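The values are calculated or read from the model by the stated rules, or taken from the named source; none is laboratory data. Remember, predicted model here, so these are calculated numbers, not experimental data. A quick note on method: Cβ atoms are made from the backbone with ideal geometry, for glycine too, and the neighbour counts reach across all protein chains shown. Please note that ligands, DNA and RNA were not included when accessible areas were found on the heavy atoms of the full protein model with its side chains. Shrake-Rupley method; radii C 1.70, N 1.55, O 1.52, S 1.80 Å.
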Amino acid sequence: MSEKATLKIDGKSFEFDVITGSENEKCIDIQKLRSETGYITMDPGLGNTGSCYSSITYVDGAKGILKYRGYPIEELAEKTVFTETAYLILYGELPTETQLQEFSYRIREQAPIHTNLEHHFSGFPQNAPPMAILSAMLNLVSCFHPEVLEVPTTGAEFDRTAALLMSKVRTIAAFAYRMASGKPINHPNPNLTYCGNFLHMMFSDPYHQYEVSPVIDKALNLFLILHADHEQNCSTSTVRVVGSSRANLFSSVAAGVCALWGPLHGGANAAVINMLGAIKASGRPLTYYLSRAKDKDDPFRLMGFGHRIYKNFDPRSLILKKQVHDVLQALNLEDGLLEIAMELEEATLQDDYFISRNLYPNVDFYSGILLRALGIPLNMYTVMFAIGRMPGWIANWQELHDHKLRISRPRQIFTGETERPFIPLSAR
Ligand code: SDX
């Protein structure tokens, strides 16, 4: 007998199925709630509402567990490169040597962008936000590849389109940086790895090919792996909502870029650096900032702290914190912001406001310091997050189509005026 949940309304009982996931998570299937009771649920921010069944990523916020397709993030971060983890997220299995070579080849062959597409970069003002450029250009790419607008969710066409997006997002990001800096663009070099090619496109100059150090290559792979997916976060849910209208994959991920841009989501990594820089420049004690973060009348928040799901440490922040130390030491660099970040983290661990609300550092708290060490400019931080998240967005868009696709269309409770007599303009 399947487990049931009973709802009592006006003395009448209604039964709903309880569904148990593979990690023993429980949900109440309320698909017939409105038709049987006339009631809807209300859950602003959707913190208690499941939107889908998914087999891609599992997060246990209480225990600080993150797994892609059943593999712990700690193992993937240590033992794989980004394209290997991206393959796992897209196809559900770690690739064989041959599969990884074929996947890498598909990505490599898609790295260049159409010459006409390159010209669009000159249409943006020099100080255009790279996230605006990224979202616009991802949509534009589909104009040059009409054959993938109706991409199926399986088979060779999907393989090609997934690789195309993973590759072009990297090229567009690097081109946006070069154009904004007034520097000549570097075309992709097919002899380089995924991360090596990105760093080349970002930092090579006409007379000096950027030399990719193993430390930086490993750190960039780790950064992208840690950002590759995170179940139904704001931007991934956006990709699903847009995809649910049967919009194509390009417009769906372009919408995901826009959702990621916000400072409460992917924009937090740059906001953390701005916050740490302001703290350092002010010379004020950390207690000043902690009290502002706790003051409900003060809009100041500790950026990089807190999470809708993690009520324990975000496992990614633990990995990033160690990686920051390793990279700074290996490159013989120092970053005063790291000391401030660690002191801030330590202070919150002693403060009941943060302890009682389970506010710990999230993925964005240390990621910005790592990007600084890699020489990535601040206005590109959220773009880096988008490059990492691309396989997760594509896999969720694909999974959406694997199941019975229904357009996302939430309900509301109306609280406005009810009956109002029309008053003609002459009488208003
Ligand atoms: C990402 O969802 C994902 O998976 C996202 C992500 C991914 O991989 O896709 O993990 C990536 O977006 C990480 C989050 C990056 N954002 C930030 O670092 C911005 C700062 N954090 C907060 O704005 C906030 O913690 C959120 C947005 C992350 C979560 O917001 P919630 O779940 O809506 O929590 P809330 O605002 O309801 O906060 C609960 C309480 C409130 O206090 P009370 O009303 O109970 O008194 O905690 C307080 C909040 O005021 N609080 C904070 C705080 N975060 C929450 N107080 C001070 N500083 C903070 N950062």
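So which helices (runs of 4 or more DSSP H) stay within region 85-170 end to end and still have 3 or more residues that are among the acidic types (Asp, Glu)?
In region 85-170, 97-109 are the helices (runs of 4 or more DSSP H) which contain 3 or more residues that are among the acidic types (Asp, Glu).
Could you look through region 249-275, keep only residues that are of a type in the set (S, T, N, Q) and more than 14 Å from the ligand (Cβ to nearest atom), and pick out the one that is farthest from residue 137 (Cα to Cα)?
Out of the qualifying residues, it is 252.
Got a sec? Which of 84, 78, 102 is closer than 22 Å to residue 162 by Cβ and open to solvent by 70 Å² or more (accessible area, probe 1.4 Å)?
After applying the criteria, what remains is 102.
If we keep just the residues of region 222-237 that are in contact with a helix residue (DSSP H, G or I) (Cβ under 6 Å, 6 or more places away or on another chain) and either near the ligand (Cβ under 9 Å from one of its atoms) or open to solvent by 40 Å² or more (accessible area, probe 1.4 Å) (or both), which is nearest to residue 77 (Cα to Cα)?
Looking at the filtered set, the residue picked out is 226.
Could you check region 190-215 and list, in sequence order, the residues that are polar (S, T, N, Q) and either closer than 20 Å to residue 84 by Cα or surrounded by fewer than 16 Cβ atoms within 10 Å (Cβ to Cβ) (or both)?
Across region 190-215, the qualifying residues are 191, 193, 197, 209, 213.
Of 180, 219, which residue is out of contact with any Gly (no Cβ under 9 Å at 6 or more places or on another chain), open to solvent by less than 30 Å² (accessible area, probe 1.4 Å), aliphatic (A, V, I, L, M) and away from the ligand (no atom under 16 Å from the Cβ)?
Numbers: 180 fails: open to solvent by less than 30 Å² (accessible area, probe 1.4 Å).
Step by step, each of 180, 219 is checked, and only 219 is out of contact with any Gly (no Cβ under 9 Å at 6 or more places or on another chain), open to solvent by less than 30 Å² (accessible area, probe 1.4 Å), aliphatic (A, V, I, L, M) and away from the ligand (no atom under 16 Å from the Cβ).
Residues checked against (1) within 13 Å of the ligand (Cβ to nearest atom); (2) out of contact with any strand residue (DSSP E or B) (no Cβ under 6 Å at 6 or more places or on another chain); (3) over 17 Å from residue 326 (Cα atoms):
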position	(1), (2), (3)
358	yes, yes, yes
371	no, yes, no
383	no, yes, yes
388	yes, yes, yes
398	no, yes, yes
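Checking the condition under 17 Å from the mean Cα position of the chain (by Cα), away from the ligand (no atom under 16 Å from the Cβ) and of a type in the set (D, E, K, R), which residue from 160, 240, 246, 170 passes?
170
Evaluate region 24-33: report whether one residue or more is part of a strand (DSSP E or B), of a type outside the set (Asp, Glu) and open to solvent by less than 90 Å² (accessible area, probe 1.4 Å).
Scanning region 24-33 turns up at least one residue that is part of a strand (DSSP E or B), of a type outside the set (Asp, Glu) and open to solvent by less than 90 Å² (accessible area, probe 1.4 Å).
Of 334, 399, 346, 339, which residue is under 29 Å from residue 167 (Cα atoms), more than 16 Å from the chain's Cα centre (by Cα) and either modelled with pLDDT of 95 or more or open to solvent by 20 Å² or more (accessible area, probe 1.4 Å) (or both)?
399
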